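Worksheet: one structure, shown below.
The values are calculated or read from the model by the stated rules, or taken from the named source; none is laboratory data. Note that the structure is a prediction, hence the values are computed from the model and not measured. All Cβ positions, glycine included, derive from the backbone under ideal geometry; neighbour counts span all protein chains shown.
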Amino acid sequence: MSTIDKERAVVEAAPNELFVGGEWRAASGGATLAVEDPSTGEPLVEVADATPEDATAALDAAVAVQDEWAAHPPRERGEILRRAFETMTERADDLALLMTLEMGKPLAESKAEVTYAAEFLRWFSEEAVRIEGRYATAPNGVGRLITMRQPVGPCYAITPWNFPAAMGTRKIGPAIAAGCTMVIKPAQQTPLSMLALARILEESGLPAGVLNVLTSSSSSEVSKPIISDPRLRKLTFTGSTAVGRTLVGQSAEGLLRTSMELGGNAPFIVFPDADVDAAVEGAVIAKMRNIGEACTAANRFHVADPVADEFTEKLAAKLGAMKVGRGTEEDVTVGPLIDADQRGKVAELVSDATGRGAQVLVGGREGDGAGYFYEPTVLSGVTGDARLLKEEIFGPVAPVVAFDDEDAAIAAANDTEFGLVAYVYTRDIKRAFRVVERLQTGMVGLNQGMVSNAAAPFGGVKASGFGREGGPEGIAEYLEIKYVAMAL
Ligand code: NAP
């Protein structure tokens, strides 16, 4: 099959309708929305464009089967997830191609995301049978204290475009394992990966109504009726801090359980005792994974004076050698940004920094021709007032700032409203722990440029949100604790 035929085949094989109550169907108004290939700007396919009525129907379907699903044997809930993990793994090549076409990242990275996404299904398939309570004698010796953990109830999940599958499975996996039903809404730029995932869960035996998928061009309009419905019990969101703030406000009326995985502004700190080559390797991963469009992306590099020049030159050489192009092409390691707005924002932040005195060591330009390409860029001499030290760049741009001592490095790292992740490179074990304890973040990469792992609690503090996804903590977000006071 030619490459073009293969691309057409995976797009045509993906569902393009709403998934409500176990049925694939068109939107109630019959409208559709176009999904675009960010490497060409050309439309790929149309998918259903849900209305607020469809949103209510999706919640109706989730509510209708909540009690039944909560009572479903945990082993069977886990086995459905396990089968879905296996199917995702078998179909990894097609799922990766679909993801690259709608999101832009290079095929190898899409494949890595499919593996990462499937891993959440496997992890939570194992957690489904470990939902336990406790039994204790009351301190006065008379009564007994019993706790049990029960599903929260119907959930609404909203996910972003940057990791179209993994941001879904991080929520779907624990919800299914815990016995919750849900409605999920992917971002309009990347609905296909989520629809393909829903089909896999359906094929794996997930009962109708447990998972419902809405795709829509008006996220706010379809979300409002769900969030304001008293039958909803939880809202889980991954996306920008600005939208997260709005959703927390909307969820206050129903006093919903909420999990908020929001934006980041990760500092990457290189101490003078670090292995500089290892730090550069880690920096390439922390900066360039997902074309820099990751909440965990290193947003700014704080490098000790004695090693700053060496680190910056080596980083510029590495980023300058990366191949930019369509994610399906051989050897491409940097795909396009998601859309014109995102590329415009990256260009604006670079021009703000250079306007204040930063020097461009490599890159600093938009790609020519179709698609939303931006060259990998390293900036040195970035001044403290540059906007990109405070704002999430979400693109392949690495600003480097030098520091003179440990206290200054920590103060600079913490000088942000965000608190998702920080990266620390040092060979001094005491310094490592001193610094890790003082960083105001939910996660730290210690001598490594990537923290994501299905077995670990992912999440932030401050304006990066609250709640954790993955690890044993991930399922707790979907469980309520009931305490029974018993007289003996
Ligand atoms: P976004 O604009 O906040 O959108 C995220 C999701 O929210 C999309 O599905 C979007 O739908 C929907 N949405 C937007 N406005 C809404 C509203 N008023 N009501 C209900 N839903 C609404 O973020 P994004 O640009 O897609 O994603 C990038 C952001 O996500 C970055 O800030 C990144 O750091 C963050 N992120 C955080 C994590 C984490 O785990 N902490 C992980 C990945 C990404 P439409 O796009 O279809 O409108």
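Structural remarks
- So residue 405, is it more than 14 Å from residue 267 (Cα to Cα) and either free of Cβ contacts under 8 Å to residues at least 40 places away in the same chain or more than 23 Å from the chain's Cα centre (by Cα) (or both): yes
- Filtered residue count, region 155-194, keeping only those that are at positive phi and within 9 Å of the ligand (Cβ to nearest atom): 0
- Restricting the first member to region 454-465 and to residues that are β-branched (Val, Ile, Thr), and the second to residues that are more than 10 Å from the ligand (Cβ to nearest atom) and assigned to a loop (DSSP other than H, G, I, E, B), the beta-carbon pairs closer than 6 Å and six or more apart or on different chains are 461/419.
- When each of 232, 206, 255 is tested for being assigned to a loop (DSSP other than H, G, I, E, B) and either free of Cβ contacts under 8 Å to residues at least 40 places away in the same chain or of a type in the set (Ser, Thr, Tyr) (or both), the lone residue that passes is 255.
- Members of region 448-476 that are closer than 24 Å to residue 70 by Cβ, within 11 Å of the ligand (Cβ to nearest atom) and assigned to a helix (DSSP H, G or I): none
- Identity of the residue in region 245-258, among the hydrophobic types (A, V, I, L, M, F, W, C) and surrounded by fewer than 16 Cβ atoms within 10 Å (Cβ to Cβ), that ends up nearest to the ligand (Cβ to nearest atom): 252
- Residues (part of a loop (DSSP other than H, G, I, E, B) and modelled with pLDDT of 95 or more) located in region 26-62: 26, 27, 28, 30, 31, 38, 39, 40, 41, 49, 50, 51
- Matching residues in region 232-244 - criterion: being more than 10 Å from the ligand (Cβ to nearest atom) and under 17 Å from the mean Cα position of the chain (by Cα): 236
The rows are residues; the columns are (1) crowded, with 19+ Cβ neighbours inside 10 Å; (2) free of Cβ contacts under 8 Å to residues at least 60 places away in the same chain; (3) not aliphatic (A, V, I, L, M).
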position: 21; (1), (2), (3): no, no, yes
position: 37; (1), (2), (3): yes, no, yes
position: 50; (1), (2), (3): yes, no, no
position: 66; (1), (2), (3): yes, no, yes
